[in-house]
Each structure stands twice: as structure tokens, then as C-alpha cells.
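Encoded as C-alpha cells, the structure appears first; notes follow it.
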Amino acid sequence: MEQIKPKVELDNYHFSGLEASQIGALHSVLRYYNVPATASWIYGMTGMAFLLVHHHDFKKPNAGPPEPQLFKLARNLGLEIEGTHTYAEDEQFRALQQEMWHHAQTAIHKGYPVFAKNLDIRNQTSLVYGVDAEGYYTHSWHGGEGHENWDDVIPWHRLGQAYCPCRYCLTRRETAGYIEEARGLISLHSAKIIQPAEPLVALKEALHFVLSLNQQGVLHWQHHTYYIGEQAYKGWIQALERDEITKYSFSLTLEPIADARQYAVRFISEWRDLGLGLSSELLDAAVEKYAQIAADYQRLVQKYPYEQPRESMTDIERLACLEILHTLMQDEKQALEILVQLQEQI
């Protein structure tokens with residue numbers, strides 16, 4: 001492997017603590033480049049503000065949709081994103097680890113920000129703010145006070161293995177008898193600044209993405225099945241009815257969706273304030289509908305904040321949640337109908 005400087009770091013590249021950490025990474029990158037984009041603008045223009053994508057077991061937070069589609073839409077925000085997002089095994093896994101290691105070195109030496117998924121935390125995207133001869137340095141949800149050694153280096157051959165270097169995670173892996181596997185999700189990207197798209201063009205593409213995914217209903221990717229929109233609600237409700245989701249798993253999936261819907265309200269409000277010719281009545285209706293959806297999700301988050309015990313709900317608790325989810329499913333359906341009408345106006 002070629003020799004590199006002892007350690008190279010990017011200044012002014014800081015972790016943005018958004019529940020959807022891939023959106024947080026885009027927010028961090030835009031701030032690094034001094035682009036004045038709000039978190040709600042990024043949520044909206046990538047479609048994440050309006051999406052509900054559930055892994056088939058309804059227990060994994062931040063698991064979909066596949067990031068390449070979001071990163072393609074990020075061009076409209078003014079970011080050209082390059083990298084890899086794929087599952088690999090054995091020789092291909094090791095080859096991609098090394099390829100992405102060289103990619104990260106090259107990018108950071110040129111001053112381009114880097115981010116990666118499953119580098120230190122499973123199903124979470126972290127910033128790579130530095131590299132040295134051994135590996136990566138990250139900022140993530142797991143950094144900061146209370147996580148001793150969180151800022152230690154992550155060896156380059158740990159990409160895709162969620163190998164957090166903090167003392168707590170090291171101890172937990174040792175206790176569990178951790179064995180390194182040559183397989184997993186290899187997802188690492190760098191970002192350059194480019195000219196953003198015109199707002200109406202960007203909005204039309206984002207709405208098309210959201211509405212197309214909802215119409216599709218089911219997404220198959222890398223041997224996993226994801227349910228979208230109404231199909232996701234139906235499956236989520238059925239899993240709760242069958243008592244297949246613990247309080248812990250339910251709390252994990254709630255917060256990212258609740259956060260997204262709050263940003264949906266802000267995003268639509270920003271559009272209303274821009275006055276670009278879209279129907280004020282439709283925009284008002286969208287704000288009202290997503291505000292109700294956000295409020296209902298917040299009710300669920302208050303009932304089941306992170307971190308809940310790994311136990312089943314009582315029958316009374318389950319029925320209360322099911323009632324809210326049935327209401328949310330109907331409200332989301334009505335909200336999408338408003339988005340269809342807005343798209344038709346562009």
C-alpha cells in the first residue's frame with residue numbers, strides 16, 4: 001500500500017445529529033462547503049421527508065431506501081457524490097474495502113469530505129473527517145462524552161463491519177466473542193460541490209421519486225425486502241398485531257420517521273414562503289396534513305422514547321398504538337394525494 005502522511009484531517013467538517021444519519025451526512029457536507037441549506041430543505045429535496053420505508057422485519061431503523069437514489073437527488077442540492085454502496089463477500093469484499101480506502105485517502109487529501117455507512121455503527125452513516133496510515137477517523141452518533149476512545153482510528157479493513165473503536169463497544173465485542181467476517185455492506189462516498197438545480201426542477205424530481213416508490217410499494221435489494229408507504233403501514237400493523245415487535249424495536253423505528261415528518265412541515269412551509277407559483281391552498285393543506293402526521297408520530301415517540309426494554313407490549317398498549325398507526329396510514333395516503341396535485345402544477 002502506498003505511503004501517506006501520518007494523519008490528514010478536514011477542518012470545519014462536523015457531525016450533524018439528524019435521525020436519518022445519511023441526511024445528516026449531506027447536511028454536514030453542505031455546511032463544510034458553506035452552502036446555506038437547511039436540514040428541512042435536504043430532507044425534502046431527497047424525498048426523505050415524505051417516505052416511509054420499512055425493512056421486512058419492521059425492526060431496523062435507518063435501513064432504507066437504498067442510499068444511491070438519495071445521493072443521485074443530492075445533485076440537485078449542489079453535491080456530486082462518488083463512491084460505492086453494495087453488499088459483498090469474500091474476495092470482492094476485501095477488494096472493495098481496499099478500493100474505498102484508496103478513495104477516502106485521495107478525497108481527503110484533496111479536501112473533499114467523506115462519509116460511510118456501517119463503518120462504526122450498524123445502519124448509521126458517519127463522517128470520515130481524517131485518515132492516517134492505519135485507517136479512518138469518524139464523527140458519529142457514538143462520539144463524545146461517555147464513550148471513551150471514540151476518536152481512535154478504525155482500521156481500513158473494518159469498513160462494512162460496524163467496528164466502533166470506543167471502550168464500551170470493544171468490551172462488548174470481546175464479551176460476545178467477536179469474529180471478523182469477510183462480508184457486509186460496503187458504503188463509502190466523497191462529495192464535490194457543483195451547481196445546484198433550479199428549485200422547481202429539484203422539487204419535481206423529488207416528488208417523482210417519492211410518488212414512484214409509493215406506487216411501487218415493495219423494494220427488493222441485496223436479498224432483503226422493503227415495504228413502502230401504505231404497504232409499510234399494513235405490514236407494520238400486522239407485525240404489531242402478531243406481537244412480533246418489542247417495545248425496544250418499536251422505539252428504534254419511530255424516531256427517524258417522526259423526525260422526517262417534522263422536517264416535511266418545515267420544508268413545505270419554506271416552499272410556501274418562496275412563492276414560486278404553486279397553489280397556496282395546496283401548500284396550506286399539505287402543511288396542515290403533515291403537521292397532524294408529525295403530531296401523531298410525536299405521541300408515539302413520547303410513549304416509547306429510546307431506549308425501551310426488550311419486552312412485549314401489553315394488549316392495552318398494543319391497541320393504543322394500532323389505533324394511531326391506522327390513523328397515520330389514512331393521513332399519509334391523503335398527504336400523498338396532495339403531493340400528486342403539487343407535482344402536476346410544476
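Observations, loosely collected:
- Taken as Cα centroids, region 220-265 and region 143-186 sit 27 Å apart, rounded to the nearest whole angstrom.
- Extension gain, residue 12-residue 151: 0.36 nm per intervening residue step, less the Cα-Cα distance, totals 48.4 nm.
- Straight-line cross-link partners of residue 7 among the lysines, defined as a Cα under 24 Å from its Cα and at least 8 positions apart when in the same chain: 110, 117, 192.
- Among residues other than residue 90 with Cβ under 12 Å from its Cβ, the summed charge is -1 (Lys and Arg +1, Asp and Glu -1).
- Using every pair of distinct Cα positions in region 284-346, the Kirkwood expression returns a hydrodynamic radius of 13.4 angstrom.
- Length-normalised contact order for the chain - Cα pairs under 8 Å, 6+ apart - percent: 22 percent
- Amide hydrogen proximity for residue 225: with H placed 1.01 Å from N in the peptide plane, the residues at 5 or more positions away or on another chain lying under 5 Å are 56.
- Each of the peptides 169-182, 318-331 was scored by the mean count of other Cβ atoms within 10 Å over its residues; in descending order, highest first, they stand as 318-331, 169-182.
- Computed Rg/Rh of region 119-262, alpha carbon atoms with Kirkwood Rh: 1.02
- Alpha carbon convex hull of region 227-302, projected area averaged over orientations, nm²: 5.8 nm²
- The mean accessible area for residues of region 270-346, using a 1.4 Å probe and ignoring ligands and nucleic acids, is 56 Å² per residue.
- Of 102, 224, 157, the one that fluctuates the most in a GNM where the chain has Cα springs shorter than 10 Å: 224
- Element breakdown for the chain at a 1.4 angstrom probe: carbon and sulfur atoms account for 48% of the accessible area.
- Semi-axis lengths, Å, the chain, gyration tensor of Cα atoms, sqrt of 5 times eigenvalues: 33, 26, 17
- Alpha-carbon Debye profile of region 88-140, log10 I(q)/I(0) at 0.13 Å⁻¹: -0.31
- With a simple spin-label model that places each label point 7 Å from the Cα along the Cα-to-Cβ direction, the separation between residue 183 and residue 274 comes to 4.4 nm.
- Per residue, region 187-242 exposes 50 Å² of accessible surface when a 1.4 Å probe is rolled over the protein heavy atoms with every protein chain present.
- Extension reserve of the residue 91-residue 35 stretch, reckoned as 0.36 nm per residue once the Cα distance is removed: 16.2 nm
- Protection proxy ranking, peptides 264-271, 278-285, average beta carbon neighbours within 10 Å, highest first: 264-271, 278-285
- Remark: region 122-130, residue by residue, has Karplus-estimated 3J(HN,Hα) of 4, 6, 10, 9, 10, 7, 9, 9, x Hz, where x stands for each Gly or Pro and the curve is 6.51 cos²θ - 1.76 cosθ + 1.60 at θ = phi - 60°.
- Working from the Cα coordinates of region 2-48, the gyration tensor eigenvalues give, after taking √(5λ), semi-axes of 26, 12, 9 Å in decreasing order.
- Residue-wise HN-Hα coupling along region 147-153, computed from phi with Karplus coefficients 6.51, -1.76, 1.60 (Hz; x: Gly, Pro): 10, 4, 6, 4, 9, 5, 5
- For region 1-153, the solvent-accessible area works out to 40 Å² per residue, with a probe of 1.4 Å and every protein chain left in place.
- Integer Hz, Karplus 6.51/-1.76/1.60 couplings in order for region 36-46, x for Gly and Pro: x, 9, 6, 4, 5, 5, 5, 4, x, 6, 9
The values are calculated or read from the model by the stated rules, or taken from the named source; none is laboratory data. All values reported here derive from a predicted model rather than from experimental measurement. Counting neighbours? That spans all protein chains shown, and the Cβs are built from the backbone with ideal geometry, glycine included. For accessibility, only protein heavy atoms count, side chains too; no ligands or nucleic acids. Shrake-Rupley method; radii C 1.70, N 1.55, O 1.52, S 1.80 Å.
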